[in-house]
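The values are calculated or read from the model by the stated rules, or taken from the named source; none is laboratory data. This is a predicted model, so every value here is computed, not measured. With ideal geometry, Cβ positions are generated from the backbone for all residues, glycine too; neighbour counts draw on all protein chains shown.
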Amino acid sequence: MDQTEKDYIAYRAYVDLWAAENPIKTNKLQVLLIVNALLVSALHVGGDFHIAKWPIFMAGSVSCVIWLMSIGRTSLFQKVWQTKAIELSNTYTADRRFQLLDTEAAELAAPRWLRFLGAVPSRFYLLGAPMVFALAWTGGLLYIILKRAGSQ
């Protein structure tokens with residue numbers, strides 16, 4: 001087996017690893033949304049925001065920070081696999097087998113509305129959602145603590 005074939009095997013492995021990260025990120029985001037919906041539902045049981053609900057706010061804040069780091073790590077490794085695959089594809093530019101991630105022409109052939117909707121890289125909303133939720137839960141926790149302190 002020559003070096004090109006060895007590199008192609010490595011390239012395919014990197015592309016497979018890169019692709020395998022997508023369902024992992026999607027599952028993590030879905031669970032994040034479900035857990036936050038359940039926490040919001042638990043928050044609304046019993047009415048108004050008050051200090052007795054601090055564990056719900058704390059659970060929301062902590063879990064979202066953990067999700068942020070977890071999804072961030074998954075995104076990091078997806079970028080690592082993509083970078084390694086691109087390095088090999090740049091070595092073999094004339095060999096179409098190494099150009100699986102070169103999708104520019106296919107993207108330009110897609111309808112304009114689809115290109116518009118698909119233009120946002122997933123890492124922005126995958127990392128943005130847990131960050132926004134963490135800030136909201138932390139803000140809610142601070143609100144009920146300050147509300148309690150102000151009423152005393």
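For SER70, state whether it is out of contact with any Pro (no Cβ under 9 Å at 6 or more places or on another chain) and under 21 Å from LYS28 (Cα atoms). Judged against the criteria, SER70 is not a match.
Note on segment 95-136: among residues that are touching a residue at least 12 places away in the same chain (Cβ under 8 Å) and either touching a Pro at 6+ places or on another chain (Cβ under 9 Å) or acidic (Asp, Glu) (or both), the one that is surrounded by the fewest Cβ atoms within 10 Å (Cβ to Cβ) is ASP102. Looking across segment 34-65, just one residue is among the aromatic types (Phe, Trp, Tyr) and at pLDDT 95 or above, and that is PHE57.
If the condition is being among the hydroxyl-bearing types (Ser, Thr, Tyr) and either out of contact with any helix residue (DSSP H, G or I) (no Cβ under 8 Å at 6 or more places or on another chain) or surrounded by fewer than 17 Cβ atoms within 10 Å (Cβ to Cβ) (or both), then segment 137-152 contributes TYR143, SER151.
I'd like the full set of residues that are without any contact (Cβ under 8 Å) to a residue 24 or more places away in the chain and assigned to a helix (DSSP H, G or I), limited to segment 137-152. The answer is GLY139, LEU142, LEU146, ALA149, GLY150. Do we find that SER151 is modelled with pLDDT of 95 or more and over 18 Å from GLU21 (Cα atoms) in this structure? The answer is no for SER151. Checked against (1) within 30 Å of ARG97 (Cα to Cα); (2) assigned to a loop (DSSP other than H, G, I, E, B); (3) not charged (D, E, K, R), GLY47 meets all criteria but (1).
Scanning segment 59-80 for residues that are of a type in the set (A, V, I, L, M) and touching a Leu at 6+ places or on another chain (Cβ under 6 Å) yields a total of 1.
Just wondering, is there one or more residues in segment 26-33 that are under 30 Å from LEU146 (Cα atoms) and surrounded by fewer than 17 Cβ atoms within 10 Å (Cβ to Cβ)? Yes, segment 26-33 contains at least one residue that is under 30 Å from LEU146 (Cα atoms) and surrounded by fewer than 17 Cβ atoms within 10 Å (Cβ to Cβ).
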